[in-house]
Amino acid sequence: MTDLLILLILLLMGAQFGIALTSTVIVHPILVIAKKATSIEVFKPFFDKTHIWVLVLSIIITLLALVYSIITGNWRWFGISLIMHINGPYTILFMMPLNRRLMDKNVDPLSEQTATDIKKWGRLHLIRTILNGLIFIGFIVLTVYSI
């Protein structure tokens, strides 16, 4: 049972980190070099799909880590999963105002503000990507070293 929990945690956290890494390394650079109107056309459906998956994955990972910690008494798993939720306040405080402007149905895709917001979004998202990567590595370390 515990091996299955570890496998699920690693797979789902790997998926979460993969989404973040893809956003930062692939999607954002494309948004920056694409035509302004195209950037918004791509950003909106991408954001609609990914932000829901990231939220769902973080909740599932935390619940699995909690179950693992209860079964084994190793609370490091649950502790690491809680670090992931630093993304919540960070997103609300720093990224949400930007996301709202970019997702607004009346956003002017040709404005300089929109171009600036797209660039800033990538820098802000990089922090989330790094945090998710560190959490994924933390889970791998716990697995490899049976800590």
_Span from the segment 72-143 Cα centroid across to the segment 3-60 one, whole angstrom_ = 10
*asked:* Would you report the distance distribution of C-alpha pairs in segment 89-147 as whole percents per 5 angstrom bin, up to the bin with the largest distance?
replied: 4, 17, 20, 16, 12, 9, 8, 6, 4, 3, 1
*In deg cm²/dmol and to the nearest 500, what is the mean residue ellipticity at 222 nm of the chain if only DSSP H runs of at least 4 residues count, each as -39500 (n - 2.57), divided by the residue total?*
-27000 deg cm²/dmol
*Provide the gained length on full extension for the span VAL42 to TYR90, in nm with one decimal, where the gain is 0.36 nm per separating residue minus the Cα-Cα distance.*
14.9 nm
*What size of dipole, in debye to the nearest 20, comes out for the chain about its Cα centre when the only charges are +1 on Lys and Arg C-beta atoms and -1 on Asp and Glu C-beta atoms?*
280
_Ordering of 55-66, 25-36 by packing [mean C-beta count within 10 Å, highest first]_ = 55-66, 25-36
*Please identify, among PHE136, PHE43, PHE17, the residue showing maximal mean-square fluctuation in a Gaussian network model of the chain using a 10 angstrom Cα cutoff.*
PHE43
*asked:* Quick one: 3J(HN,Hα) in Hz for segment 59-64, Karplus 6.51/-1.76/1.60 with θ = phi - 60°, rounded, Gly and Pro as x.
replied: 5, 4, 4, 5, 5, 5
*Divide, for segment 2-145, the radius of gyration over alpha carbons by 2.2 N^0.38 Å, where N is the residue count.*
1.17
*asked:* What do you get for the angle between helix 2-22 and the principal long axis of the chain? Use alpha-carbon atoms, 0 to 90 degrees, nearest ten.
replied: 20
*Please identify, among GLY18, GLY122, GLY73, the residue showing maximal mean-square fluctuation in a Gaussian network model of the chain using a 10 angstrom Cα cutoff.*
GLY73
*With point charges of +1 on the Cβ of Lys and Arg and -1 on the Cβ of Asp and Glu, referenced to the Cα centre of segment 2-145, which listed residue (PHE78, LEU64, ILE135) lies farthest in the positive direction of the dipole?*
ILE135
*asked:* For the pair THR143/LEU4, report the inter-label distance in nm, with labels modelled 7 Å from Cα in the Cβ direction.
replied: 1.7
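Values in this text are rule-based calculations from the coordinates and carry no lab data. As the structure is a prediction and not an experimental result, all values here were calculated from the model. In this analysis, Cβ positions are derived from the backbone assuming ideal geometry, glycine residues included, and neighbour counts consider all displayed protein chains.
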